[in-house]
Amino acid sequence: MSEFRFHPLALIRAGLRPLDPFLLLVLAGLLGYGYALMTSASPERLPSLQVHLMVGLATMWLVSLVPPKRLLSLAVPLYLIGVVLLLGVFFFGETSKGAKRWLDIGVARIQPSELMKIAVPLMLAWYFQQREGMIRFGSFIVAIVLLAIPLGLIVIQPDLGTSLLVGAAGLYVIFFAGLSWKLIVPVVMVGAIGIGAIVGFGDMLCQPEVDWQVLREYQKQRVCTLLDPTQDPLGKGFHIIQSTIAIGSGGLWGKGWLDGTQTHLAFIPERHTDFIFSVLAEEFGLVGALALLGGYLLLILRGFLIAAQAPTLASRLLAGAITMIIFTYAFVNMGMVSGILPVVGVPLPFVSYGGTALVTLCVGLGILMSIERSRVAAKE
Amino acid sequence: MTEFKRPEEALYAFRRRVVVAVLFVVICFGLLASRFYYLQVVQHDYYHARAEGNRVAVLPVVPGRGEIYDRHGEVLARNYSVYTLEINPVRVRNLDATIEALSRIVTIEERDRRRFRRLVLETKYFDSVPIRTHLTDEEVARIAARLYQFPGVEVQARQYRDYPAGPSTAHVVGYIGRINERDIQRIEERGETANYRGSEYIGKSGLESSYESALHGTTGIEQVEINAGGRAVRLMSRTPSIPGSHLELTLDMGLQRAAEAALGNRRGAVVAIEPATGGVLALVSTPSFDPNLFIDGISVADWRALSDSPDHPLLNRALYSAYPPGSTFKPFMALAGLESGRRTLEQRFNNQGVFTYVGHRFVDRKSNCQSNVDLHRTLVYSCNTYYYQLGNEMGIDAIADFMRQFGFGQRSGIDVPGEATGVLPSPAWKRNRFSSREHQQWYGGETISVSIGQGYNAYTPLQMANALAALVNGGALYRPHLVRHIVDAVTGEMRPVETEPVTRIPLRQRHLDAVMAAMVEVNVRGTAARVFKDAGYASGGKTGTAQVFSLRGQRYVEGQVAERLRDHSWFIGFAPAENPTIALAVLVENGGFGSQSAAPVARQVMDYHVLGKPIEAPAEEIDERLAAELEQ
């Protein structure tokens, strides 16, 4: 006891040790990029962006301090809370713009589907850990049911963007857990043929009297708008036309920071959130866009390295799934803004304005760092 | 299925999957990179041209809103053009300084600034926001000369809406107002977002709201070239807008004004319907308000004055005030008796002074109702005991079933929003309405008050008028409507609004004739004889008095209480007696007996309709004691 001495520097060093320097560096680059873009797209939002950044980084740091074992012990309670809250939304949720996504719990309005982006992969990783060494066909059935329950509740809200992310998160865990290729290949094939059919017969399918059964009217419209944005130049097509013009007119080197005409003449709707990539591509050109892609690629490769080296099955699956989710965010957003995917409400990770998404993503990075730290600690 | 015996094997399998995932990521990013290359390098010139050289803006062309006329072509809602001074907040760097500089050229009041700030928060991309409206020609000249100093500021001609008849049609035509969050949501749900891009106003009440889609028209598209300052410099292509349709109403503004004048400053309603078509000739609710106040957002003071008034001028009494109909229910009860076979026209009764029901004595002291009473006489002199007995014999279910055919206790489906259902009492209704078992129970005594139009009965003036219209036209129940034609603004084509009755109630003409004949006698020697003396034409009618039981939670104000405790005065009537062209219902809140205040109003309205007699002063009430003598 007498040996105990207070070393503030050592304490800080110990506290910061879980932060993976490589991930931190890439993250700093992405956040800085986002900050610069916000200065151009919507300077009046900078003060709240600063708050978001602080909260996001603090959350990431806190999560990185929690060992993976402890995180996995939270899997079941988090999952159950999430499902209960989603049921709450279903029965008592607030309807806004035709969708029921929010739950008023007295003190605040919350969006439980956001929690599921972390809780679902956590739960599935925990489940496969329990079955380690005994993973059979039945295990995958159980996993799919565990995924289907919250996913179904989010799909009926309806919220296409979040369903996509939660569904992907679950499927990534199942994929990494070793689902047979014999099952994966046919599903991917059917999907590819389906998309091919929609593109090929778009004109026919987009007639107003055709009912698409599985998709809601507004979702059908989004797909149809993608196929032919000029059909509805004042409505939904407007977003895609204008963002494509912004990207294309950016050219190789871009028009320069703060000089994007599309951005500054307010041609780009939602330019601070989902469409911020078009601001980037207009002002920083192809070079800037590739730099962003490169940043994401570094982040993703580092994530996969952490996954490949992770000490336990659960942490492997979790790390792999989180990395793929970050990829999905980035790919879906950039694909939608550049007109190769339908307009789905998915933000550009670490760059778009929006506190909730930033915190969710930072929790993901925190988990990656915690997993990496546990490997280093095991070695030591 | 995959099953790994050794942990290393599982690890290797996992790593193989990671490699697959990395490949997938690289392919997807490669796809994105090639898309960026295609857009930014291959197609760059094209997009550069679109964005830089030709900054094309797709601008909406807002259609002109349809106008509204009465049946003789009098304009009730129209558009007019005024010059406004507008600022596009996106293109102006320092708003406050700009407004300050502008205020040295034209007067800009604090009120204008407040509205401007509010509108800036609500407005969409591109839109410029008015800082001053209704500029005079001189102001336009002064500002136009210096406009070059103010990029992002412009003078525009904008369409405004005007309701020339003001309060007279506020409850019919309604008003438009600026599109708010709730409206945007509704527009989205209807899938009309594109058609409302550029629209600033939407119908908020009355016909303006219920015929919104017809009045609004179709938005056009203008592609304009915009210079670096953001001003449109050249029109490239244009799909013109299609103006909204006009509405031609069944309303007769002369009659509408006559009814309004006859009611004077009393609280009440008049609904007049053309029995042959179901078209509404007049629909008045007093007091009223000026709809023009609402168009650009009502000021706080005006709103307070309207919403805090104990007379509730915003309430549309013609559609929403449901009261027991009192004795105006008797013609319908009489028909029910005849049609059900419980009574014949020839039956005569004596000793009609008292009706006893489970120990309760219901007394009617009117001398005309004592002996030798037939159905005709009970209507002329409004005898109660006859109907107590009839109601008791028929039973509540049979009464409710018969009355339902006339639309009592149901929304009529009139083409303005805000209708109340009213109450057609029945045991089933009572079970739904109340929760405790003892309240749900239907008591025989309640049937007895229902049969003279008191008790739970509650109908709106519109329901009374429409039921009467069905009675006098041989049993055709129409959906009452205010719009006669929807007129295409471009081709002038007139599209009629429904002319067929909703149902034909099976009634024997002999019975209808008898009831109508008795109603004519009401105005000759019955309860309304004094009011209709020397009319110069034959008409039919029936007075009614709705008992007021309590103030129902209204504030206690000394001096007003006595007036608010008086009964509500009802009158229903038709004219001329042969082939009626008008069926009306008059309600005067706290007007006392039916013959006291509602009947004189009806007389003036009918005088105008039949004789074209103008109205000089509000209908005078007749003495309460005289009315009481007739009716009690």
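The values are calculated or read from the model by the stated rules, or taken from the named source; none is laboratory data. Remember, predicted model here, so these are calculated numbers, not experimental data. We place every Cβ from the backbone using ideal geometry, glycine too, and count neighbours over all the protein chains shown. Surface areas here come from the heavy atoms of the whole protein model, side chains and all, with no ligands, DNA or RNA. Shrake-Rupley method; radii C 1.70, N 1.55, O 1.52, S 1.80 Å.
Which residues, counting only those in segment B:116-157, are modelled with pLDDT under 80, under 30 Å from B:TYR211 (Cβ atoms) and not hydrophobic (A, V, I, L, M, F, W, C)? The answer is B:ARG118, B:GLU122, B:THR123, B:LYS124, B:TYR125, B:ASP127, B:SER128. Take segment A:292-317 and flag every residue that is open to solvent by less than 10 Å² (accessible area, probe 1.4 Å), more than 7 Å from chain B (Cβ to nearest Cβ) and among the aliphatic types (A, V, I, L, M). Within segment A:292-317, A:LEU292, A:LEU299, A:ILE306, A:ALA310, A:ALA314, A:LEU317 meet the criteria.
The set of residues in segment A:138-147 that are within 9 Å of another protein chain (Cβ to nearest Cβ) and either among the polar types (S, T, N, Q) or touching a residue at least 12 places away in the same chain (Cβ under 8 Å) (or both) comprises A:SER139, A:PHE140.
In this structure, A:MET38 does not qualify as more than 25 Å from A:SER370 (Cα to Cα) and at pLDDT below 80. If you check B:ALA469, B:ALA465, B:ALA458 for being touching an Asp or Glu at 6+ places or on another chain (Cβ under 9 Å) and more than 18 Å from B:HIS246 (Cβ to Cβ), only one passes: B:ALA469. Annotation for segment B:196-218: at least one member residue is surrounded by fewer than 18 Cβ atoms within 10 Å (Cβ to Cβ) and touching a strand residue (DSSP E or B) at 6+ places or on another chain (Cβ under 7 Å).
Got at least one residue in segment B:62-70 being outside the structural domain of B:ARG142 (by TED's automatic domain parsing), open to solvent by 50 Å² or more (accessible area, probe 1.4 Å), in contact with a strand residue (DSSP E or B) (Cβ under 6 Å, 6 or more places away or on another chain) and not in a helix (DSSP H, G or I)? No, segment B:62-70 contains no residue that is outside the structural domain of B:ARG142 (by TED's automatic domain parsing), open to solvent by 50 Å² or more (accessible area, probe 1.4 Å), in contact with a strand residue (DSSP E or B) (Cβ under 6 Å, 6 or more places away or on another chain) and not in a helix (DSSP H, G or I). Restricting segment B:317-364 to residues that are aromatic (Phe, Trp, Tyr) and out of contact with any Ser or Thr (no Cβ under 7 Å at 6 or more places or on another chain), the residue that is nearest to B:GLY475 (Cα to Cα) is B:PHE332.
Taking the conditions (1) free of Cβ contacts under 8 Å to residues at least 40 places away in the same chain; (2) surrounded by 21 or more Cβ atoms within 10 Å (Cβ to Cβ) in turn, B:SER237 satisfies each one other than (2).
Screening A:TYR353 against (1) within 17 Å of A:GLY294 (Cβ to Cβ); (2) outside any helix (DSSP H, G or I) leaves a single unmet condition, (1). Being over 24 Å from A:GLY133 (Cα atoms) and open to solvent by 20 Å² or more (accessible area, probe 1.4 Å) holds for only one residue in A:ALA330, A:ALA289, A:ALA377, and it is A:ALA377.
All of (1) surrounded by fewer than 21 Cβ atoms within 10 Å (Cβ to Cβ); (2) more than 14 Å from chain A (Cβ to nearest Cβ); (3) under 29 Å from B:ASP96 (Cα atoms) hold for B:GLY177 with one exception: (1).
From B:SER426, B:SER371, which residue is out of contact with any strand residue (DSSP E or B) (no Cβ under 7 Å at 6 or more places or on another chain) and loosely packed, with under 15 Cβ neighbours inside 10 Å?
B:SER371
Which of (1) crowded, with 20+ Cβ neighbours inside 10 Å; (2) more than 10 Å from chain B (Cβ to nearest Cβ); (3) more than 16 Å from the chain's Cα centre (by Cα) is the odd one out, the single condition A:ILE276 does not satisfy? Among (1) crowded, with 20+ Cβ neighbours inside 10 Å; (2) more than 10 Å from chain B (Cβ to nearest Cβ); (3) more than 16 Å from the chain's Cα centre (by Cα), A:ILE276 violates only (3).
The residues listed here are B:VAL20, B:VAL41, B:VAL62; of these, the one that is modelled with pLDDT under 95 and either within 7 Å of chain A (Cβ to nearest Cβ) or touching a Lys or Arg at 6+ places or on another chain (Cβ under 7 Å) (or both) is B:VAL41. Looking at this structure, is A:LEU227 over 26 Å from the mean Cα position of the chain (by Cα), farther than 30 Å from A:LEU72 by Cβ, at pLDDT below 90 and more than 13 Å from every other protein chain (Cβ to nearest Cβ)? The answer is no for A:LEU227. Contact map, segment A:309-320: residues that are within 12 Å of A:LEU122 (Cβ to Cβ) paired with residues that are open to solvent by 20 Å² or more (accessible area, probe 1.4 Å) and aromatic (Phe, Trp, Tyr), Cβ distance under 7 Å, separation 6+ or inter-chain. Pairs shown: A:ALA314/A:TRP126.
Using the structure shown, decide if A:LEU341 is within 12 Å of chain B (Cβ to nearest Cβ), open to solvent by 30 Å² or more (accessible area, probe 1.4 Å) and outside any helix (DSSP H, G or I). Yes: the conditions hold for A:LEU341.
Residues in segment B:449-465 that are among the polar types (S, T, N, Q) and open to solvent by less than 10 Å² (accessible area, probe 1.4 Å) were compared, and the one that is farthest from B:TYR211 (Cα to Cα) is B:SER451. Look at segment A:114-134 and say how many of its residues are within 11 Å of A:LEU317 (Cβ to Cβ) and part of a loop (DSSP other than H, G, I, E, B). So the answer is 1.
Does at least one position in segment B:570-578 carry a residue that is assigned to a loop (DSSP other than H, G, I, E, B), surrounded by fewer than 21 Cβ atoms within 10 Å (Cβ to Cβ) and more than 29 Å from the chain's Cα centre (by Cα)? Yes; the residues of segment B:570-578 include at least one that is assigned to a loop (DSSP other than H, G, I, E, B), surrounded by fewer than 21 Cβ atoms within 10 Å (Cβ to Cβ) and more than 29 Å from the chain's Cα centre (by Cα).
This table checks each residue for (1) under 30 Å from B:THR84 (Cβ atoms); (2) crowded, with 24+ Cβ neighbours inside 10 Å; (3) without any contact (Cβ under 8 Å) to a residue 24 or more places away in the chain.
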residue: B:ARG304; (1), (2), (3): yes, no, yes
residue: B:ASP308; (1), (2), (3): no, no, yes
residue: B:ASN316; (1), (2), (3): no, yes, no
residue: B:SER321; (1), (2), (3): no, no, no
residue: B:THR328; (1), (2), (3): no, yes, no
residue: B:MET333; (1), (2), (3): no, yes, no
